[in-house]
Structures are given as structure tokens and as C-alpha cells.
Amino acid sequence: MKKFAAVFPGQGSQSVGMFADFMDNEIVAKTYEEANAALGYDLKDITLNGPEAELNKTEVTQPAILTASVAAYRVLESKGFKPAAVAGHSLGEYSALVAAGVISFADAVKLVRLRGKAMQEAVPAGVGAMAAVLGLEDQVIVDVCNEVSTDNDKVWAANFNTPGQVVISGNKGAVDRALEQFTAKGAKRVVPLAVSAPSHCPLMQKAADALKAELSKIQINDASIPVYVNVLAKPLTKKEEIIDALVKQLTMPVRWVETVNQLKADGVEALVEVGPNKVLCGLNRRIDKTLGSANICNEETLAKALEVIA
């Protein structure tokens, strides 16, 4: 078997009807029953039937993606396959922590609902913004963000997704000024994102504080397998370090390029995206085409993934 890592997608991977052709799997169905019980509402029904506006509410989206990802991971485990490491993009880090035994699934699904609400409440609607920038060097983007920021109107690089694809986050005015500069400097595209909160920047400090308080109330364990965390792009196993990284994640950038490169440097030969859609598969291939790549979101893709790592 190839040495593989399981990687888990973040917000934006959701769609009404996702996992519809995976719900007949007994393990998947049981995972959704657990989520419904933990949340106190029918997440499975919203996932399958919408409405889209409800599924796209941050406090619903986050539990929905986590539940789908954990369900798919449990199916993978049931086939006797265990990853050498796990990682998740932003929200996906919580799925990775469940896979590594750091947090129980019931606690995680409630925790990400709170995370979504706290993110929504940290910055009033219309104050923050995010945008993707394509075709510029990372350092150019960081420099421009610094140049256009003022004391009360700031923007930061938030997601280093692939070489040439960085997401920025911050106050709307600063984001708009930065986009003008990126266009002038020859960016291939600048794409404002339809998000309700400016993630992975210091504007999320209130949400980080709320998350830290909630983490103190639940059982947290050392990781059974290394978790490559967003803020460090390196593996952690000790619970104290993982908690610290999880809190910082809301206010610091997602270093996905470095994470994938570090996984390869540590001997990983393939990355299996576990959860809805194939967003990370696309990012991972642009980072390193030599790594095996697969996703798991139904029985058909599961079979293909097992071929990749077998």
C-alpha cells in the first residue's frame, strides 16, 4: 500500500444533494444520524433537499461538510485503509482531528456550528470581504496588502492555496484597494468571493476567543496519527499544541502549499480527499503533479481511491 494522507475540504465544497448516492451506505447513514442527534435538527434533510440558502448559512455549512467528510472517512477505515497522516483545509482541519481521534465526532459537529456562528458575529455584514488573486507571486500579494492597509482598514493574505492562487481577507475598503493594485501589477484574475465573514485574518479574533472558550469544555486527546495543521504546515500530535493551532487558525493564513510540500517531504506518496466535491484534488495537482490523487464522495470514487493507494 502506498503511504497516503487523508485530506479534508473546507467551506465552499457544499452543494444541495451532495452524498445523495452515498446515503445507502450503512456507515454513512449512521454518521448522519449521529449528526442529527448532536445538532438537534435534520442535517441530512437539509443536505439532500436544501433549500440552498439554508445549507449555505455558515453555521449549517460547516457541520454539513464535516459530517460528509467524517462519514466518507469512516467508510475508508472500514475497508482497512489507514492514512499515515491527515490534514484539512480551514474547516477541514476539524474533520482531520476527528479522524485522528483528537475530538469526538459529536463534539466536533457542535463545535463547528459554534465556529460558524462566531465567525458570522465577529464582523458585521458588509464590513469584511475576501477575494482570490490569480497569477501573482506570494510576496507581491503580501507586500500590496501591507501597502494598502491603514490603521483602521486592513487586508491580509489568508489562504496560500497553490502557486499563483492566494486568497486575501480583511476590511472591504482595503480589499478593494488591494484588488486595484493587483490588477495594475498584472494579475491574471481577481475574483471577489461570496462569503459572509472575512476568514483567516485578525478580524476573526472575537471568534477565536469564543472558540478557545468552547474548546476548554470538551474532551481533547493527543492525535493517534500526525495532523498537519494549517498555521504551521507541519505535523502535531500533542493536544496542547493542537488546541493552540486550532485557535490561531481563525486569525492566521492557511498554508496549504507548504502543507502539501511537507507531506511529500515526509514520504507521503498520495493524497486522498475525503468529503464532498474535488476542490483539494485540483489544488493538490497544481502544487505537485507527482503525488497520487483521488477523492471519496460515493461508492464509485471510493473504489477508484482504493486503487490509487492499494
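Below is a table of values for the structure above.
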item: Residues satisfying the stated conditions in the stretch 193-221, i.e. open to solvent by 80 Å² or more (accessible area, probe 1.4 Å) and either part of a helix (DSSP H, G or I) or not hydroxyl-bearing (Ser, Thr, Tyr) (or both); result: Ala194, Gln205, Lys206, Asp209, Lys212, Lys217, Gln219
item: Sole residue being at pLDDT below 95, of a type in the set (A, V, I, L, M, F, W, C) and surrounded by fewer than 20 Cβ atoms within 10 Å (Cβ to Cβ), chosen from Ala53, Ala29; result: Ala53
item: Cross-chain or 6+ apart pairs with Cβ under 7 Å, the stretch 105-125 first and within 17 Å of Leu246 (Cα to Cα) and part of a helix (DSSP H, G or I), then modelled with pLDDT under 95 and open to solvent by 50 Å² or more (accessible area, probe 1.4 Å); result: Arg113/Glu59; Gly116/Glu59; Lys117/Glu59
item: Pair list, Cβ under 7 Å, 6 or more apart: the stretch 52-80 residue touching a residue at least 12 places away in the same chain (Cβ under 8 Å), other residue of a type in the set (Phe, Trp, Tyr); result: Leu66/Tyr94; Thr67/Tyr32; Ala68/Phe19; Ser69/Phe8; Val70/Phe105; Ala71/Tyr32
item: Options Val133, Val190, Val166: the member that is in a strand (DSSP E or B), in contact with a Phe, Trp or Tyr (Cβ under 8 Å, 6 or more places away or on another chain) and free of Cβ contacts under 8 Å to residues at least 40 places away in the same chain; result: Val166
item: Residues of the stretch 260-280 satisfying the condition of being surrounded by fewer than 24 Cβ atoms within 10 Å (Cβ to Cβ) and outside any loop (DSSP other than H, G, I, E, B); result: Asn261, Gln262, Lys264, Ala265, Ala270, Val279
item: Of all residues in the stretch 35-50 being within 13 Å of Ala20 (Cα to Cα) and not hydrophobic (A, V, I, L, M, F, W, C), the one that is surrounded by the most Cβ atoms within 10 Å (Cβ to Cβ); result: Thr47
item: Unmet requirement for Ser224, which otherwise passes all of (1) in contact (Cβ under 8 Å) with a residue 60 or more places away in the chain; (2) buried (at least 20 other Cβ atoms within 10 Å of the Cβ); result: (2)
item: Residue in the stretch 87-96 that is surrounded by 24 or more Cβ atoms within 10 Å (Cβ to Cβ), aliphatic (A, V, I, L, M) and assigned to a loop (DSSP other than H, G, I, E, B) present; result: yes
item: Residue under evaluation Val308, criteria (1) of a type in the set (A, V, I, L, M, F, W, C); (2) free of Cβ contacts under 8 Å to residues at least 40 places away in the same chain; (3) surrounded by fewer than 19 Cβ atoms within 10 Å (Cβ to Cβ), criterion not met; result: (2)
item: Qualifying residue in the stretch 118-138 (condition: within 28 Å of Lys188 (Cβ to Cβ) and open to solvent by less than 10 Å² (accessible area, probe 1.4 Å)); result: yes
item: Unique residue being over 25 Å from Leu203 (Cβ atoms) and not polar (S, T, N, Q) when the list is Ala157, Ala85, Ala125; result: Ala85
item: Every residue from the stretch 281-298 that is of a type in the set (A, V, I, L, M), part of a strand (DSSP E or B) and either open to solvent by 20 Å² or more (accessible area, probe 1.4 Å) or in contact (Cβ under 8 Å) with a residue 60 or more places away in the chain (or both); result: Ile296
item: Sole exception among (1) part of a helix (DSSP H, G or I); (2) among the hydroxyl-bearing types (Ser, Thr, Tyr); (3) over 19 Å from the mean Cα position of the chain (by Cα) for Tyr41, by number; result: (1)
item: Failed item in (1) open to solvent by 40 Å² or more (accessible area, probe 1.4 Å); (2) touching a strand residue (DSSP E or B) at 6+ places or on another chain (Cβ under 6 Å); (3) in a helix (DSSP H, G or I), with Leu179 passing the rest; result: (1)
item: Count - residues of the stretch 136-152 that are touching a residue at least 24 places away in the same chain (Cβ under 8 Å) and within 20 Å of Leu203 (Cβ to Cβ); result: 7
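The values are calculated or read from the model by the stated rules, or taken from the named source; none is laboratory data. Because the structure is a prediction, the values reported are computed rather than measured. Here the Cβ is made from the backbone with ideal geometry for all residues, glycine too, and neighbour counts use every protein chain on show. These area figures cover heavy atoms from the full protein model, side chains too; ligands, DNA and RNA do not enter into them. Shrake-Rupley method; radii C 1.70, N 1.55, O 1.52, S 1.80 Å.
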